[in-house]
Amino acid sequence: MKKLAKETEIVHGIHTVHHTSMDLVPPIHMTSTFKFKSADHGAGIFQGTEQGYVYTRISNPTVDLLQEKMAVLEHGQAAIATSSGMSAIASTALSLAKPGDNFVACSTIYGGTFAFFNKHLRDLSIEPRFLAPATCYAAQEIEKRIDSKTRFLYTETPSNPTLDIVDIELWAAIAGKHKIPLILDNTFASPYLQNPLLLGADIVIHSATKYLSGHGDIIGGIIVSSKDMIAHIKEAYVTHYGPIMSPFNAWLFLRGIKTLALRMEKHSDNALKIAQWLQQHPNIKRVYYPGLASHQGHATAARQMKKFGGMMAFEVKGGVEAGKKVMNTVELCTLAVSLGDCETLIQHPASMTHSTYTPEERKHAGITDGLIRLSVGIENADDIIADLNNALA
Ligand code: LCS
């Protein structure tokens, strides 16, 4: 078949047929174990001389379909679906680094990821070497932190919560030069807006909880990479520690992904309109959105993303107290963490998603106390603007 457009792959994009009943939508294989035809057949599957399923912690047909779809959408060779975005990150990091090793990461990342790196990996004597946002653009600064014990580079773009943009090709070139993998958390962009593996990244991670689900009802994670890397992460971590996705959730993710293109178009168009409106509002101090020409990473984002996504942040004049008033006054925007849902969500990083940082660490990462993060939904943009306008007044 001729190469399919992204929207078509999002709807189709699976080549395996595991069933014979001709369903349009594949069934959910809710089974923990699978029958063997004979003792020899079972032994053959274990040895790899026969094809077949054994046990859902190892693999499951419904989860396989999601993994195959994500490998197609991210242009990788294989994927692993995990129980959460955090377990995707933990599985990847712990399969690559051992006590005594280190890795280099931007300091502006999801607060849960930062805490995992800064506390839990440190406790295991795996050292994170963090870069402040301005230094994430400087090859020299990144390379200065790499030595013979550096096992991977890690970054998000756009970043949570300040929407910093990292030049994926620059980071990939450095990773390639030092023969270490570049892990890229593509949660904010989704595979519809950005494909890091095509730009040289080695491993893509998603908190599937967000845009891949799109409906705010499930938690999950995805790792996409080469066949060899995926086999390594499975063998070194996932199969033995068991942070796998349930077949039921995999089925819901397959359902959510079908509308990814439509949703990302609407999220992006709404966000751009709202960012432009906020930027000219007299009570707004600063807007963080890569779609604005004033954003430091605008040109890079325009090069590596199809549109600029549904996430933004802003600061209100009057600091933390004025920001609190906005969050307590909005009616349509929902005060909640998470992101990527149909509903517009608003939250305060310093006291919520990024309260895992100390005030000094937040300063280093460029996360101000007055910053408010908005996950723009797919409602009518004018209704969201009217709600914000009322709250800002
Ligand atoms: N990566 C990014 C960029 C995230 O934003 C999150 C969660 C994760 C990984 C972890 O994924 P999870 O285990 O939650 O599926 N971000 C959240 C946020 O900003 N608010 O609530 C969760």
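Within the range 91-104, the residues that satisfy the criterion of being in contact (Cβ under 8 Å) with a residue 60 or more places away in the chain and either within 16 Å of the ligand (Cβ to nearest atom) or among the acidic types (Asp, Glu) (or both) are SER91, THR92, ALA93, LEU94.
Every residue, every condition in (1) assigned to a helix (DSSP H, G or I); (2) within 13 Å of the ligand (Cβ to nearest atom); (3) touching a residue at least 60 places away in the same chain (Cβ under 8 Å), yes or no:
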{"position": "HIS354", "(1), (2), (3)": "no, yes, yes"}
{"position": "THR368", "(1), (2), (3)": "no, no, no"}
{"position": "ARG373", "(1), (2), (3)": "no, yes, yes"}
{"position": "GLU379", "(1), (2), (3)": "no, no, yes"}
{"position": "ILE385", "(1), (2), (3)": "yes, no, yes"}
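Listed by position, the helices (runs of 4 or more DSSP H) enclosed by the range 238-333 that each have at least 1 residues that are closer than 18 Å to THR162 by Cα and in contact with a strand residue (DSSP E or B) (Cβ under 7 Å, 6 or more places away or on another chain) are 260-279, 319-329. Note on the range 244-292: residues that are of a type in the set (Phe, Trp, Tyr) and in contact with a Phe, Trp or Tyr (Cβ under 8 Å, 6 or more places away or on another chain) total 2.
Here ARG145 fulfils each of the conditions (1) in contact (Cβ under 8 Å) with a residue 40 or more places away in the chain; (2) within 16 Å of the ligand (Cβ to nearest atom) apart from (2). Annotation note: of LYS119, LYS210, LYS179, the sole residue that is farther than 21 Å from SER225 by Cα and among the basic types (Lys, Arg) is LYS119. Close contacts from the range 105-116, counting a first residue that is assigned by TED's automatic domain parsing to the domain that holds ILE180 and farther than 19 Å from ILE146 by Cα and a second that is of a type in the set (A, V, I, L, M) and surrounded by fewer than 23 Cβ atoms within 10 Å (Cβ to Cβ), with Cβ to Cβ under 7 Å and a gap of 6+ residues or different chains, come to GLY112/MET86; PHE116/MET86; PHE116/ALA90.
Every residue in the range 28-44 that is surrounded by fewer than 17 Cβ atoms within 10 Å (Cβ to Cβ) and within 26 Å of VAL224 (Cβ to Cβ), please. Result: MET30, THR31, SER32.
Restricted to the range 25-131, the set of strands (runs of 3 or more DSSP E) holding at least 3 residues that are farther than 30 Å from HIS12 by Cβ comprises 102-106, 127-131. Check whether at least one residue in the range 296-303 is touching a residue at least 60 places away in the same chain (Cβ under 8 Å) and among the basic types (Lys, Arg), and report yes or no. Taking every residue of the range 296-303 in turn, none turns out to be touching a residue at least 60 places away in the same chain (Cβ under 8 Å) and among the basic types (Lys, Arg). Scan ALA88, ALA115 and give me the residue that is buried (at least 24 other Cβ atoms within 10 Å of the Cβ), modelled with pLDDT of 95 or more and within 12 Å of the ligand (Cβ to nearest atom). Checking each option against the conditions leaves just ALA88.
Can you find, within the range 187-229, the residue that is nearest to the ligand (Cβ to nearest atom) among those that are buried (at least 24 other Cβ atoms within 10 Å of the Cβ) and part of a helix (DSSP H, G or I)? Here the answer is SER190.
The values are calculated or read from the model by the stated rules, or taken from the named source; none is laboratory data. Given the structure is predicted, the values throughout are model-derived calculations rather than measurements. Ideal geometry is used to build each Cβ from the backbone, glycine not excepted, and the neighbour counts take in all protein chains shown.
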